[in-house]
1. Where the only charges are on Cβ atoms (+1 Lys, Arg; -1 Asp, Glu), what is the dipole of the stretch 33-136 about its Cα centre, to the nearest 20 debye?
2. Select from the stretch 112-141 those GluC sites (Glu not before Pro) which occupy a DSSP coil region and have at most 11 other Cβ atoms within 10 Å, ordered by residue number.
3. Would you mind counting up the charge near S125? Only other residues with Cβ under 13 Å from its Cβ, with Lys and Arg at +1 and Asp and Glu at -1.
4. Using a ≥ b ≥ c from the Cα gyration tensor of the stretch 9-50 (square roots of the eigenvalues), is it rounded, prolate or oblate, where a/c under 1.5 gives rounded and otherwise the larger of a/b and b/c decides, a/b for prolate?
5. Which one of G111, F91, L13 has its Cα pushed farthest toward the positive end of the charge dipole of the chain, where Lys and Arg give +1 and Asp and Glu give -1 at the Cβ?
6. List the equivalent ellipsoid semi-axes of the stretch 1-71 in whole Å, largest first, each obtained as the square root of 5λ for an eigenvalue λ of the Cα gyration tensor.
7. If R₀ is 30 angstrom, what is the calculated FRET efficiency for the pair Y12 and H62, using the beta carbon separation as r and rounding to 0.05?
8. Whole number please: convex hull volume per residue of the Cα set in the stretch 66-124, in Å³?
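The values are calculated or read from the model by the stated rules, or taken from the named source; none is laboratory data. Source: prediction; values computed, not measured. Here the Cβ is made from the backbone with ideal geometry for all residues, glycine too, and neighbour counts use every protein chain on show. Keep in mind that these areas ignore ligands, DNA and RNA; they rest on the heavy atoms of the full protein, side chains included. Shrake-Rupley method; radii C 1.70, N 1.55, O 1.52, S 1.80 Å.
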Amino acid sequence: MSQQQPLGEVAYLAETAYPGEFAYAFLGAQGNDFKIGFKDDVPPEIVAALSKTGLSSSIEEHVGFTQADYEDATRSVIREFDGLAAPEVQFVVGPTPEISVGSITVTVHGGSEGTLAEAKRVFDSLTAPVPFELIWGRTVD
């Protein structure tokens with residue numbers, strides 16, 4: 001059994017049983033470094049479930065937001081960026097707690113240098129809802 005299954009089960013338990021506390025969970029790029037975050041205190045049931053896996057993990061408490069808050073903030077950024085960017089700008093916006101707690105990354109794909117420069121100008125005019133932060137994840141295809 002891979003690490004992903006038992007840790008995924010813990011993340012699912014946290015997300016479904018504690019939606020008012022659960023903020024995020026992710027497994028690092030190397031298939032390790034599992035982190036799970038909570039708005040306030042981690043529920044004891046989650047600590048016990050993580051301990052039962054016997055796998056390496058860390059808990060981030062008091063991050064100040066829930067998964068629903070993170071999703072709402074991300075949708076807000078999508079709407080704002082989409083409303084200001086040129087129609088030909090292709091972009092992806094998503095929560096990226098693996099970069100930093102509360103970060104939301106805006107990644108622009110393709111386009112000319114002029115289009116990318118305009119997209120960056122639009123990005124620089126955005127404000128993330130508190131307590132979130134925006135990260136420019138520009139890529140050129």
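1. Approximately 120 debye in magnitude.
2. none
3. Charge balance near S125 sits at -1.
4. Prolate shape, in that a/c is at least 1.5 and a/b is the bigger ratio.
5. G111
6. 19, 13, 10
7. 0.85
8. Expressed per residue, the convex hull around the Cα atoms of the stretch 66-124 is 77 Å³.
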